[in-house]
Amino acid sequence: MNVTIPKTDHELGSTSVVLLGLIVLLGLAILTGALTVSYATYLIALSGMYVLLALGLNVQWGYGGIINFAVVAFWGLGAYVAALATARTSPLGLEWHPLFALVVAIIFSVIAAILVGLPAIRLRADYLAIATLGFSEIFRLLVANETHITAGMAGLAGIPSVLEDLPFDTVTTNLLVVAVAGALVFLFLRRIHRSPWGRVMQIIKADEDLAESLGKNAFSFKMQTFVLGCVIMTIAGVYYAHFIGYVDPTDLDPLETFFVWVAVILGGSGSNRGAVVGAFILVAVLEGTRFLTDFSIFAALSTGPLRLLIVGVLIVLIMRFKPEGLYPPRDELIWPKSQTDTEGQS
Amino acid sequence: MSVIQLAVDGIVYGSIIVLGAVGLSLVYSIGDFPNFAHGDLMVAGAYGGLVANLGLTQIGLQPTSVFSPELLVTIVAGLAIGIVVAVATHYLVFKPLDSGPIALLITSFGVALIYRSLIWMGFGSSARSYNFPRSGPIGSIRDATGLAVTNRMLVIVLATAVVVTTLHFVLQYSMLGKKMRAAADNGDLARISGIRPRETVLTMWVGGGALAAMGGVFLGLHTLIRPLMGFDILLLIFAAVILGGIGSIYGAMLGGFAIGLAHEMTPVIPGVGSEYGAAVAFVIMIIILLVRPGGILGEETT
Amino acid sequence: MTVLDIDQVDSGYGDLQILHDVSMHLEEDEIVCIIGPNGAGKSTAIKTIFGLVQPWTGAITLRGTEISGQMPEDIVRQGISYVPQTDNVFSTLTVEENLEIGGVTVSDESTEMIEKLYDRFPILEEKRSKKARTLSGGQRQILAFSRALMVDPDVLLIDEPSAGLAPSLVQDVFENVKQINSLGTSVLMVEQNARAGLNISDRGYVLAQGQVKYEDDAQAILENPEIGELYLGG
Ligand SMILES: Nc1ncnc2c1ncn2[C@@H]1O[C@H](COP(=O)(O)OP(=O)(O)O)[C@@H](O)[C@H]1O
Ligand SMILES: [Mg+2]
């Protein structure tokens, strides 16, 4: 290989530049009065949630090459378990402590991921895409219609905020929790990606037969990857429920799944830093469209379709012109030694 | 409601699904990717028909029944839009991409969002309907059988029957039809034999776009025309295609009716209401994917 | 006269190079057999000639006309035809439809050609309206040959014609190849069953690791003790 691989520090630098840029923009927006502080903190917290989702999907698609079109369902599982277990209005009337609900949500997520993954992971990629989308829709229909359990279309309100016991105000707690969760997941993923497990996963993604011939059970590794990704999505869902305080079945629109896909492929499939940046850009696009309609040329348009249009065009353009995304995984420090070797040669 | 009435409804809804599924199956087998924009392509056709339909009303033509030249104009306009949109998308998006099925799949979702948002921007989010009188059930049929069958239902089923039969003859006996089947069966061998992919791929988009548009117009005729209805029907169409076996045009026809029936007849299952019609269809789809991915008619393939 | 000339060709899939500087040629009325271990690149060589895999460097000429860089659907219009190793019939089409598709580039003479092939292989006429997937392995191979013969080619490329056939049928396949050749078609054939393949051939090439390791008259290869040990199973 004679590709030049950019220095990792340099790349890390550019990640911070992008993120910093977004934060500076945010700051400016607040100063000029375009944004209120509470809206700005909302945006950051929301971005944090999408970071978690993108990291979860990146584990599956980026590390494992597993197509999952049920992202919103695993996220929704977390949101609904959290809501049902803790909300005042829950038909189940449990009102558990949120941390306990989190543990239960994770257990449910593992079980659901295994139930879906066991039969489905072996499927050809396109079949897996369709099957997971089918699972996602079945889940949405169940939540919408099993009113005696889920409250149905009425939704669930009165979900307590995140960690009310902490000595901060709600906004600070929200930000703190999502920042800590995002950082922990990021560091954890980076660690396992560089571990022997991560290397096996890379071989499997590149050449499943080769991995099998090395005595690695590709199926078992892919299952672990799938479950791990689903659990991260579920954690994002739990966070969302406590952060927003309300969930209903319209939150389970498969569109959300594709938003997360945009974040991952925009950032660069297989790259965790890419997933983080992708998630921030995604939220900037999703929420930024609100402001575009303030400009006269867009005034006639409502936010909904404009947002879809931009996301759609983004997907088409990335796939055409930059399918490897902003941060192709090659730039990641996977085999630090082999990278320095290559650099020495080129 | 009687079981037979549910079955009749299933055949009507199944007809719409058949029209979508045959086109999707064509694209899936010859274009070699699952086109997630197919549902929204149907919607584009439905709105194309709507524009013509409203235009007719504007110039003072007031159809007295759904069996009218106005319906023909509506359908033809829908077809034209469906074909133009499908072919333009091919040249602007899919062809230059020149990539594998997964990249095409993801891109097709972006295309779906673009269709949907443009339609939404152009026509607003509220439901519209074609300007044809909504008559009640046909009296003679109700008296004879006790079944509620409206003119619209009759139009949909009859027109679908005509289209499907014509398609059968084209595919079975014309050289173009044989080339299409050959390309769907084995793309490389078709090229080795001298079939130009340009010809089959273009035919595939023209045919797929036309069939999708027709399905879209009928979906609008059967219910209402909504900019977001494409996604609701997309998975049902996938279910039909998978049930019948990807690439099998006849499978798609059979699968379409089967999924239409399953969708409408769920109340027959004890404890399951009509709100689970789609869910039942998806369960069938997932089971087929898991146990017999070649479809019920197809070979055992993975 | 040289009908097909492959000159210093490199090719492969994506970034992965399979063929390294491969040169081969096929003379008028010859049968030439390519042998070599599994994964040597034999199928890749045939696919590269027929444009299914694009050559990276080098030239491929058919009767002096360069065909490298052309698409399969154009190459087949120049008097050359190809029977792939696998998936070589349209399994969901009938026998007769398979032949019609084989003849799309010569549609004027198609019916006539089908009749000729029916005369030669009565089993095809018997099964004319059966789907190809219902045929036995041997019948399928006959159909695969016949589909390729519909264009009445000067040059025929055949990839492992005897693979997967019952031993009793293998000899029939080689008889067919000889007959096709005697009717004026030059044949370039890949064969795992190296001895049987070389037996009916004029010349042979040994391909290993994507390189031509050896070339000679078929008889000389068969008698070469070193090659016998390495590639002909002792
Ligand atoms: N479509 C393909 N993509 C990538 N590698 C391939 C492909 N087809 C074959 N190969 C690889 O090319 C090499 C040569 O294969 P092939 O030409 O089929 O060998 P042979 O016909 O001599 O058995 C093998 O290592 C095989 O794995
Ligand atoms: Mg081979």
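The values are calculated or read from the model by the stated rules, or taken from the named source; none is laboratory data. Not measured: the values here are computed from a predicted model. So basically every Cβ, Gly included, is an ideal-geometry build from the backbone, and we count neighbours across all protein chains shown. Ligands, DNA and RNA are stripped out before the accessible areas are found, and what is left, the full protein with its side chains, is counted by its heavy atoms. Shrake-Rupley method; radii C 1.70, N 1.55, O 1.52, S 1.80 Å.
Go through the stretch B:261-302 and report how many residues are part of a loop (DSSP other than H, G, I, E, B) and either surrounded by fewer than 16 Cβ atoms within 10 Å (Cβ to Cβ) or in contact (Cβ under 8 Å) with a residue 40 or more places away in the chain (or both).
Taking the stretch B:261-302 as the starting set, the residues that turn out to be part of a loop (DSSP other than H, G, I, E, B) are B:269-273, B:292-302.
Narrowing further to those that are either surrounded by fewer than 16 Cβ atoms within 10 Å (Cβ to Cβ) or in contact (Cβ under 8 Å) with a residue 40 or more places away in the chain (or both): B:269-273, B:293-302.
Counting residues in the stretch B:261-302 that are part of a loop (DSSP other than H, G, I, E, B) and either surrounded by fewer than 16 Cβ atoms within 10 Å (Cβ to Cβ) or in contact (Cβ under 8 Å) with a residue 40 or more places away in the chain (or both) gives 15.
C:V177 satisfies every condition listed in (1) buried (at least 23 other Cβ atoms within 10 Å of the Cβ); (2) within 14 Å of another protein chain (Cβ to nearest Cβ); (3) outside any loop (DSSP other than H, G, I, E, B) except (2). Of everything in the stretch A:152-172 that's open to solvent by 20 Å² or more (accessible area, probe 1.4 Å) and under 30 Å from B:T266 (Cα atoms), which residue is nearest to the other protein chains (Cβ to nearest Cβ)? Of everything passing the filter in the stretch A:152-172, A:M153 is nearest to the other protein chains (Cβ to nearest Cβ). Does C:Q192 satisfy the criteria of being under 21 Å from C:E30 (Cβ atoms) and within 16 Å of ligand 2 (Cβ to nearest atom)? In short, yes.
Go over the candidates B:V51, B:V76, B:V22, B:V18 one by one and state the one that is open to solvent by 30 Å² or more (accessible area, probe 1.4 Å) and either within 18 Å of B:V163 (Cα to Cα) or not in a helix (DSSP H, G or I) (or both).
Being open to solvent by 30 Å² or more (accessible area, probe 1.4 Å) and either within 18 Å of B:V163 (Cα to Cα) or not in a helix (DSSP H, G or I) (or both) holds for just one of B:V51, B:V76, B:V22, B:V18, which is B:V76.
Can you confirm whether C:V89 is more than 16 Å from ligand 2 (Cβ to nearest atom), of a type in the set (V, I, T) and either open to solvent by 30 Å² or more (accessible area, probe 1.4 Å) or closer than 30 Å to C:A40 by Cα (or both)? The answer is yes for C:V89. Of the candidates C:L207, C:L183, C:L230, C:L188, the single residue that is within 16 Å of ligand 1 (Cβ to nearest atom) and open to solvent by 60 Å² or more (accessible area, probe 1.4 Å) is C:L230.
Looking only at the stretch B:234-242, decide whether some residue is open to solvent by 10 Å² or more (accessible area, probe 1.4 Å), part of a helix (DSSP H, G or I) and touching a residue at least 24 places away in the same chain (Cβ under 8 Å). Working first, answer last.
The initial filter retains those residues of the stretch B:234-242 that are open to solvent by 10 Å² or more (accessible area, probe 1.4 Å), namely none.
No.
Beta carbons closer than 6 Å, at least 6 apart along the sequence or on distinct chains, pair a first residue in the stretch B:94-119 that is within 7 Å of chain A (Cβ to nearest Cβ) with a second that is basic (K, R) for B:L97/A:R320.
Considering every residue within the stretch B:204-216, establish whether at least one is farther than 16 Å from B:I81 by Cβ and more than 14 Å from chain C (Cβ to nearest Cβ). Scanning the stretch B:204-216, I find at least one residue that is farther than 16 Å from B:I81 by Cβ and more than 14 Å from chain C (Cβ to nearest Cβ), so the answer is yes. Every residue in the stretch A:173-192 that is of a type in the set (G, A, S) and in contact (Cβ under 8 Å) with a residue 60 or more places away in the chain, please. Once the filter is applied, which keeps residues that are of a type in the set (G, A, S) and in contact (Cβ under 8 Å) with a residue 60 or more places away in the chain, the stretch A:173-192 yields A:A179, A:A181, A:G182. A residue that is at pLDDT 75 or above, open to solvent by less than 70 Å² (accessible area, probe 1.4 Å) and not in a helix (DSSP H, G or I) occurs somewhere in the stretch A:327-339.
Restricting the search to the stretch C:188-234, which residues are in a helix (DSSP H, G or I) and of a type in the set (V, I, T)? Before you say what the answer is, go through the steps one by one.
At the first step, the residues of the stretch C:188-234 found to be in a helix (DSSP H, G or I) are C:194-199, C:218-223, C:225-231.
Once the filter is applied, which keeps residues that are in a helix (DSSP H, G or I) and of a type in the set (V, I, T), the stretch C:188-234 yields C:I221, C:I227.
Could you tell me whether B:G60 is open to solvent by less than 30 Å² (accessible area, probe 1.4 Å), of a type in the set (G, A, S) and away from chain A (no Cβ under 14 Å)? For B:G60, the condition - open to solvent by less than 30 Å² (accessible area, probe 1.4 Å), of a type in the set (G, A, S) and away from chain A (no Cβ under 14 Å) - is not met. Every test in (1) more than 21 Å from B:Y28 (Cβ to Cβ); (2) away from chain A (no Cβ under 14 Å); (3) open to solvent by less than 50 Å² (accessible area, probe 1.4 Å) is passed by B:A258 save one, and that test is (1). If you go through the stretch C:13-31 and keep only what is within 16 Å of ligand 2 (Cβ to nearest atom) and at pLDDT 95 or above, you end up with C:I18, C:L19, C:V22, C:M24.
Tell me, yes or no, whether the stretch C:144-155 has at least one residue that is touching a Leu at 6+ places or on another chain (Cβ under 7 Å), closer than 27 Å to C:D21 by Cα and either within 16 Å of ligand 2 (Cβ to nearest atom) or open to solvent by 30 Å² or more (accessible area, probe 1.4 Å) (or both). No, the conditions are met nowhere in the stretch C:144-155. When C:S182 is tested against (1) under 21 Å from C:H25 (Cα atoms); (2) in contact (Cβ under 8 Å) with a residue 12 or more places away in the chain; (3) away from ligand 2 (no atom under 16 Å from the Cβ), exactly one condition is not met: (2). Screening B:I102 on (1) surrounded by fewer than 19 Cβ atoms within 10 Å (Cβ to Cβ); (2) of a type in the set (V, I, T); (3) not in a helix (DSSP H, G or I) shows it passes everything except condition (3). The C-beta contact set for the stretch C:23-42 (first residue open to solvent by less than 20 Å² (accessible area, probe 1.4 Å), second residue near ligand 2 (Cβ under 9 Å from one of its atoms) and part of a strand (DSSP E or B), distance under 7 angstrom, 6+ apart or interchain) comprises C:I34/C:V190; C:K42/C:V190. Scanning the stretch C:44-73 for residues being within 16 Å of ligand 1 (Cβ to nearest atom) and open to solvent by 30 Å² or more (accessible area, probe 1.4 Å) gives a total of 4.
Of the residues that make up the stretch B:190-201, is at least one hydrophobic (A, V, I, L, M, F, W, C), within 15 Å of the chain's Cα centre (by Cα) and open to solvent by less than 40 Å² (accessible area, probe 1.4 Å)? Working first, answer last.
The first filter runs over the stretch B:190-201 and keeps only residues hydrophobic (A, V, I, L, M, F, W, C), leaving B:190, B:192, B:195, B:201.
Within this subset, residues satisfying the condition of being within 15 Å of the chain's Cα centre (by Cα) are none.
No: zero hits.
Could you tell me whether the stretch B:79-86 includes any residue that is open to solvent by less than 10 Å² (accessible area, probe 1.4 Å) and either part of a loop (DSSP other than H, G, I, E, B) or of a type outside the set (K, R) (or both)? Before the answer, list the steps.
Taking the stretch B:79-86 as the starting set, the residues that turn out to be open to solvent by less than 10 Å² (accessible area, probe 1.4 Å) are B:82, B:86.
Remaining after also requiring either part of a loop (DSSP other than H, G, I, E, B) or of a type outside the set (K, R) (or both): B:82, B:86.
Scanning the stretch B:79-86 turns up at least one residue that is open to solvent by less than 10 Å² (accessible area, probe 1.4 Å) and either part of a loop (DSSP other than H, G, I, E, B) or of a type outside the set (K, R) (or both).
Note on the stretch C:156-179: residues that are more than 16 Å from ligand 2 (Cβ to nearest atom) and under 16 Å from C:V32 (Cβ atoms) amount to 4.
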